[in-house]
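Below: the structure, in structure tokens.
The values are calculated or read from the model by the stated rules, or taken from the named source; none is laboratory data. As the structure is a computational prediction, the values presented were derived from the model and not from experiment. Glycine also receives a Cβ, built like all others from the backbone with ideal geometry; neighbour counts cover every protein chain displayed.
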Amino acid sequence: MSVPSGVEVFMFGVVGGDRNGKDIKAGLKENEVNIDGVRTIEEEDTGYAHIGVNLAGDSTVIVTRGAYSNFVPGPLFDPKITPNVVLVSLEIPIEMVVHALAWAKEHKAMTICNAAPATSSVPDEIFQVDHFIVNEQQADILNGIEGVLFDDRFVQQKDIRQHYQELCEKFHSYGATCVVITMAELGVVGSEKDPVSGIRQQYTFAAEQGKGFPVVDTTGASDAFIGGYTVELVHQKQAGMKQDIASAMKLGIKAGGLTVSKVGSMPAIPFPKDIMKTTFCAAPAPNARG
């Protein structure tokens, strides 16, 4: 099989027997994702995210769980599969997240947790991963911070980045080796802490978008970032290279910056070849979009 990203991807999950479930499986298969681990429960509706987009392209999401409420620990993983990387999010039942991370560690696989949607109470296991990725709102929620801390994103950019670098250190203290926090049009901060020496390397990168591609829909941008980030880490591992999260963050930024130029989520996420042929530029300053 020719895989567009050079990375073989297996999806595990549960869909319903409705049209949405069939369309999701067909879309994954069309994009050469192995769906042997996606179970169908005929009598259930598929879990779905209802997304609203305003005139600036910003999105809000309301999620209904549906069939994936039934995605619980059990004999779900094919014993013939030996994973190199396991990526989880909190959109599935939390006990399944913990189960999947334990399965990954059994196989000495790299673990990546996208802690979204977050709540103020989550098990310790979600932090005890190789890569912990979260957006700014979820980072605050996980640290018990409520309300809007910054009322002028344009003026307070430096303070905002500093705040999230400090939260990176908190996530390290909870058990994460590498932490990445995405901040929409303010870009991304990241941090890598050596578990032996305790030395911490910090990163800050500005947001980018495709030159000549206006922002029309931010839906899926974080998914694209995480996909690009993960693919770069896998490529590094395949090549026997030392891990470089800065390069992974840069590819993720470009993937997210191209995704926002199209409507929708899965159909908008680019392949590496789409990123390679695009010229990128700095994203507009906060509050500058009209």
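Residue under question is Leu167, and the condition is that it be in contact (Cβ under 8 Å) with a residue 12 or more places away in the chain, assigned to a helix (DSSP H, G or I) and out of contact with any Ser or Thr (no Cβ under 7 Å at 6 or more places or on another chain); does it hold?
Here the answer is yes, as Leu167 does meet what is asked.
For residues that are under 27 Å from Asn84 (Cβ atoms), small (Gly, Ala, Ser) and in contact with a Lys or Arg (Cβ under 9 Å, 6 or more places away or on another chain), tally how many sit in the range 232-290.
The number of residues fulfilling the criteria is 1.
Among the residues of the range 257-288, which ones are crowded, with 18+ Cβ neighbours inside 10 Å and polar (S, T, N, Q)?
Across the range 257-288, the qualifying residues are Thr259, Ser261, Ser265, Thr278.
Exactly one of these conditions fails for Ser173: (1) of a type in the set (S, T, N, Q); (2) in a helix (DSSP H, G or I); (3) under 20 Å from Pro284 (Cα atoms). Give me its number.
That leaves (3) as the condition not met.
Which pairs do you get when a residue that is part of a loop (DSSP other than H, G, I, E, B), found in the range 38-49, comes within reach of a residue that is charged (D, E, K, R), reach meaning Cβ atoms under 6 angstrom, with the pair 6+ apart or on two chains?
Final answer for the pair search is Asp45/Asp18; Thr46/Asp18; Gly47/Arg65.
Please find, within the range 58-77, the residue that is modelled with the lowest pLDDT out of those that are of a type outside the set (Val, Ile, Thr) and surrounded by fewer than 12 Cβ atoms within 10 Å (Cβ to Cβ).
Step one: list which residues in the range 58-77 are of a type outside the set (Val, Ile, Thr), which gives 58-59, 65-71, 73-77.
Filter once more, so that each one left must be surrounded by fewer than 12 Cβ atoms within 10 Å (Cβ to Cβ): 74-75.
On the way: Gly74: 71, Pro75: 66.
Of everything passing the filter in the range 58-77, Pro75 is modelled with the lowest pLDDT.
Please go through the range 10-23 and give me each residue that is in a helix (DSSP H, G or I) and in contact with a helix residue (DSSP H, G or I) (Cβ under 8 Å, 6 or more places away or on another chain), ordered by number. Break it down stepwise before answering.
Here is the first cut: in the range 10-23, the residues in a helix (DSSP H, G or I) are 19-23.
The answer is Gly21, and nothing else.
Determine if the range 155-175 includes at least one residue that is under 19 Å from the mean Cα position of the chain (by Cα), among the acidic types (Asp, Glu) and more than 27 Å from Glu125 (Cα to Cα).
No, every residue in the range 155-175 fails to be under 19 Å from the mean Cα position of the chain (by Cα), among the acidic types (Asp, Glu) and more than 27 Å from Glu125 (Cα to Cα).
From the list Gly228, Gly190, Gly220, Gly212, which residue is surrounded by fewer than 19 Cβ atoms within 10 Å (Cβ to Cβ) and either more than 21 Å from the chain's Cα centre (by Cα) or of a type in the set (Gly, Ala, Ser) (or both)?
Numbers: Gly228 fails: surrounded by fewer than 19 Cβ atoms within 10 Å (Cβ to Cβ); Gly190 fails: surrounded by fewer than 19 Cβ atoms within 10 Å (Cβ to Cβ); Gly220 fails: surrounded by fewer than 19 Cβ atoms within 10 Å (Cβ to Cβ).
Sole residue among the options that is surrounded by fewer than 19 Cβ atoms within 10 Å (Cβ to Cβ) and either more than 21 Å from the chain's Cα centre (by Cα) or of a type in the set (Gly, Ala, Ser) (or both): Gly212.
Just need a number here: residues in the range 87-114 that are of a type in the set (A, V, I, L, M, F, W, C), under 20 Å from Asn70 (Cα atoms), touching a residue at least 24 places away in the same chain (Cβ under 8 Å) and out of contact with any Asp or Glu (no Cβ under 7 Å at 6 or more places or on another chain).
Initially, the range 87-114 is screened for residues of a type in the set (A, V, I, L, M, F, W, C), giving 87-88, 90, 92, 94, 96-98, 100-104, 109-110, 112-113.
Then keep just the ones that are under 20 Å from Asn70 (Cα atoms); that gives 87-88, 90, 92, 94, 96-98, 100-103.
Retained after the next criterion (residues that are touching a residue at least 24 places away in the same chain (Cβ under 8 Å)): 87-88, 90, 92, 94, 96-98, 100-101, 103.
Then drop every residue that is not out of contact with any Asp or Glu (no Cβ under 7 Å at 6 or more places or on another chain), which leaves 87-88, 90, 92, 94, 96-97, 100, 103.
Summing the residues that are of a type in the set (A, V, I, L, M, F, W, C), under 20 Å from Asn70 (Cα atoms), touching a residue at least 24 places away in the same chain (Cβ under 8 Å) and out of contact with any Asp or Glu (no Cβ under 7 Å at 6 or more places or on another chain) in the range 87-114 gives 9.
Give me the helices (runs of 4 or more DSSP H) completely within the range 180-290, filtered to those with at least 3 residues that are touching a Ser or Thr at 6+ places or on another chain (Cβ under 7 Å), ordered by residue number. Break it down into steps so the answer makes sense when it comes.
On the way: elements: 221-238, 245-259, 272-276.
Counting at least 3 such residues, we get 221-238.
Within the set of pairs 6+ apart or on separate chains, which have a first residue in the range 136-159 that is without any contact (Cβ under 8 Å) to a residue 24 or more places away in the chain and of a type in the set (A, V, I, L, M, F, W, C), a second that is part of a loop (DSSP other than H, G, I, E, B) and exposed (fewer than 13 other Cβ atoms within 10 Å of the Cβ), and C-beta atoms under 8 Å apart?
Hits for this filter: Ile141/Thr119; Ile141/Ser120.
All but one of (1) in a helix (DSSP H, G or I); (2) touching a Pro at 6+ places or on another chain (Cβ under 6 Å); (3) not polar (S, T, N, Q) hold for Arg153, so report the exception by its number.
For Arg153, the failing item is (1).
Can you find, within the range 1-55, the residue that is farthest from Ala109 (Cα to Cα) among those that are aliphatic (A, V, I, L, M) and at pLDDT below 90?
Within the range 1-55, the first condition is being aliphatic (A, V, I, L, M), and the residues that meet it are 1, 3, 7, 9, 11, 14-15, 24, 26, 28, 33, 35, 38, 41, 49, 51, 53, 55.
Narrowing the set further to residues that are at pLDDT below 90 leaves 1, 3, 7, 49, 51, 53, 55.
Working: Met1: 23, Val3: 21, Val7: 15, Ala49: 29, Ile51: 33, Val53: 37, Leu55: 42 Å.
In this case the residue turns out to be Leu55.
For the range 193-209: of the residues being among the polar types (S, T, N, Q) and touching a helix residue (DSSP H, G or I) at 6+ places or on another chain (Cβ under 9 Å), which is surrounded by the most Cβ atoms within 10 Å (Cβ to Cβ)? Explain how you work it out, then say what you get.
At the first step, the residues of the range 193-209 found to be among the polar types (S, T, N, Q) are 197, 201-202, 204, 209.
From what is left, the residues that are touching a helix residue (DSSP H, G or I) at 6+ places or on another chain (Cβ under 9 Å) are 201-202, 204, 209.
On the way: Gln201: 12, Gln202: 14, Thr204: 17, Gln209: 24.
Among residues in the range 193-209 that are among the polar types (S, T, N, Q) and touching a helix residue (DSSP H, G or I) at 6+ places or on another chain (Cβ under 9 Å), the one surrounded by the most Cβ atoms within 10 Å (Cβ to Cβ) is Gln209.
What single numbered condition from (1) modelled with pLDDT under 95; (2) over 21 Å from Val88 (Cβ atoms) fails to hold for Ile253?
Failed condition: (1).
Inspect all residues belonging to the range 135-146 and state whether any of them is in contact with a helix residue (DSSP H, G or I) (Cβ under 7 Å, 6 or more places away or on another chain), part of a loop (DSSP other than H, G, I, E, B), farther than 30 Å from Lys273 by Cβ and modelled with pLDDT of 90 or more.
The initial filter retains those residues of the range 135-146 that are in contact with a helix residue (DSSP H, G or I) (Cβ under 7 Å, 6 or more places away or on another chain), namely 135-136, 139, 143.
Now restrict to residues that are part of a loop (DSSP other than H, G, I, E, B): 143.
The next check asks that each one be farther than 30 Å from Lys273 by Cβ; those that pass are 143.
Next, only the ones that are modelled with pLDDT of 90 or more stay: 143.
Looking for residues that are in contact with a helix residue (DSSP H, G or I) (Cβ under 7 Å, 6 or more places away or on another chain), part of a loop (DSSP other than H, G, I, E, B), farther than 30 Å from Lys273 by Cβ and modelled with pLDDT of 90 or more, one finds at least one in the range 135-146, hence yes.
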